[in-house]
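One structure is given below, represented as structure tokens, and several questions about it will come after.
The values are calculated or read from the model by the stated rules, or taken from the named source; none is laboratory data. Just so we're clear, the structure is a prediction, and the values are computed from it rather than from any experiment. Note that we place each Cβ from the backbone using ideal geometry, even for glycine, and neighbour counts take in every protein chain shown. For accessibility, only protein heavy atoms count, side chains too; no ligands or nucleic acids. Shrake-Rupley method; radii C 1.70, N 1.55, O 1.52, S 1.80 Å.
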Amino acid sequence: MYKNLEAEMVRKGITRKDLAALLKVRYATISLKLNGKSKLYYDEALKIKEAFFPEYDVAYLFQTTSQSAWLV
């Protein structure tokens, strides 16, 4: 769902497990959030951006294929 985030994760070698550890959630929870089946909150997105991708804009990283389902 977040193609830019996924692409940057691959480039930097960041895994979903890394994101889950950062947010202190289960791997399954982060997978649901990244697949759009659970809400990804703005504060979570900001934490991911600041920890792993400070050089990128939040809007770029978390742009979706359907902008109506962006962030809550």
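Tally up the carbon and sulfur contribution to the accessible surface of the chain as a whole percent, 1.4 Å probe, everything protein left in place.
Answer for the chain: carbon and sulfur cover 54 percent of the accessible area.
How big is the Kirkwood radius of the chain, worked out from every pair of different alpha carbons and given in Å to one decimal?
For the chain, inverting the mean 1/r across all distinct Cα pairs yields 12.0 Å.
Once fully extended, how much extra length lies between Lys37 and Glu6, figured as 0.36 nm per residue of separation less the alpha-carbon to alpha-carbon distance?
On the way: separation 31, 0.36 × 31 = 11.16 nm, distance 1.60 nm.
Contour length minus Cα-Cα distance gives 9.6 nm.
Sticking with this structure for a sec: With only Lys, Arg, Asp and Glu charged, each at its Cβ (+1 for the first two, -1 for the last two), find how big the charge dipole of the chain is about the Cα centre; round to the nearest 20 debye.
Values: 12 positive and 8 negative charges, 74 e Å.
Result for the chain is approximately 360 debye, rounded to the nearest 20.
Next question. Around Ala20, with a cut-off of 14 angstrom between Cβ atoms, what is the net charge of the other residues, counting Lys and Arg +1 and Asp and Glu -1?
Local net charge: +4.
I've got another one for you. For the chain, what relative contact order do you get, as a whole percent, if you take Cα pairs closer than 8 Å and at least 6 residues apart?
Computed value for the chain: 42 percent relative contact order.
Charges on Cβ only, +1 for Lys and Arg, -1 for Asp and Glu, centred on the Cα centroid of the chain; of Tyr56, Gly13, Ala28, which one is farthest towards the dipole's positive end?
In the chain, that residue is Ala28.
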